[in-house]
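Quick notes on the structure that follows.
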Amino acid sequence: MSLTEFDLIKRYFEVEPPRQAINQLGIGDDCALLQVPSGCQVALTCDTMVENVHFFSGADPESLGHKLLAVNLSDLAAMGAEPFAATLALTLPRIDESWLTAFCRGFFSLAKLHKVDLIGGDTTSGPLTLTVQAFGIIQQGAALLRSNAEPGDGIFISGEIGNAGLGLKILKGYTCSDATSMLNCLDKPQPRIAQGLALRHKASACIDISDGLTADLNHILEASNVGASIYWEKLPLSPPVSAYIEESGDWLMPLTAGDDYELCFTAPTTMIDELPAGSICIGEITAESGLRLYRDGCLQSLTRKGYEHFA
Ligand SMILES: [Mg+2]
């Protein structure tokens, strides 16, 4: 390795001083320092992506840089938090400067879009493993938890589901005319930060759809100790996903495939007119426990679950 760890950090990651006032000290000392305004809480999340587990070997480094930050920002969106900082830990098999340049392009363009400062991290040598920790700020008591859904609340999602799942099928050999846009949904998900912020004091519960709608909605149901009825016909599906279902009969795919990173949330019916534009009602919360799916007016069995890491 011609580049030392310190050279690498200086060249690729210590690019700009922090922009956000809350980040008093960024990269360059033993720790970063945050000055949290009074009455606010810090929301903190961490996600790791491992080669051959979360992405294929040889995956586009620019997309990896984008997605690694996006999945973390998506968790902040699901809490209604406003992102301000991130740390990055990279384990690299070797120093490949063209890989690092492209990775940083993906990472920093999304960071800039959402005003996120990179305030620290670590680099080590080993099997390709990418970790981000993201920090958001929120007024005390305003965080969108999973545990406050109430019977009678509507269940909403912020946009189409199944596109990323179809993208994964395309990577595995399925062919369709809209392949580029479906692959883009898989590789470059957009964290729904604005929607999350707009849901504060309106949604009763919220989660981001990372592991599939049914798996993630179930987390809300368990945390809130309620059940739900959802209606297949109400799911927002893109034309390529509808065409895929028509061809394959695999109508469970958009419910069980992960990686869409839309928000799934619940809200009292009195709030419907105040929800962010584009929110789609797909069902309602019930006192009776369990998740029931109706298609063509018939109750369906939901045997296939979302992605589970240790399954
Ligand atoms: Mg999440």
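What follows draws every value from the coordinates through simple rules; no lab data is involved. Nothing here was measured: the structure is a model prediction, and the numbers come from that model. Cβ atoms come from the backbone with ideal geometry, glycine included; neighbour counts cover every protein chain shown.
Points to keep in mind about this one:
- Spin-label pair residue 33-residue 21: with each label point 7 Å from Cα along the Cα-Cβ axis, the two points sit 1.7 nm from one another.
- Formal net charge of residues neighbouring residue 244 (Cβ-Cβ distance under 9 Å; K, R +1; D, E -1): -2
- If the convex hull is drawn through the Cα atoms of the chain, its volume per residue in Å³: 138
- Taking every lysine pair in the range 76-193 that is 8 or more places apart or spans two chains, those with Cα atoms closer than 28 Å amount to 4.
- For the chain, the longest principal axis of the C-alpha atoms and the axis of helix 97-113 are separated by about 60°.
- For the range 225-279, convex hull volume per residue from C-alpha positions, Å³: 128
- The angle separating the long axis of helix 61-79 from the principal Cα axis of greatest extent in the chain is about 60 degrees.
- Computed from point charges on the beta carbon alone (+1 for Lys and Arg, -1 for Asp and Glu), the dipole magnitude for the range 1-137 about its Cα centre is near 280 Debye.
- Computed from Cα atoms, the angle from the helix 239-248 axis to the main principal axis of the chain rounds to 60 degrees.
- In the range 26-119, the ratio of gyration radius to Kirkwood radius, Rg to Rh, stands at 0.99 when only Cα atoms are counted.
- Computed over the range 1-54, Kirkwood Rh from alpha-carbon pairs, angstrom: 14.3
- Taking label points 7 Å from Cα along the Cα-to-Cβ direction, residue 3 and residue 294 give a separation of 5.7 nm.
- Length gained on full extension, residue 172 to residue 44: 42.7 nm, using 0.36 nm per residue less the C-alpha separation.
- Charge dipole (debye, nearest 20) of the range 69-206; +1 at Cβ of Lys and Arg, -1 at Cβ of Asp and Glu: 100
- Trypsin sites (Lys or Arg not before Pro) restricted to DSSP loop in the range 1-93 with at most 10 other C-beta within 10 Å: none
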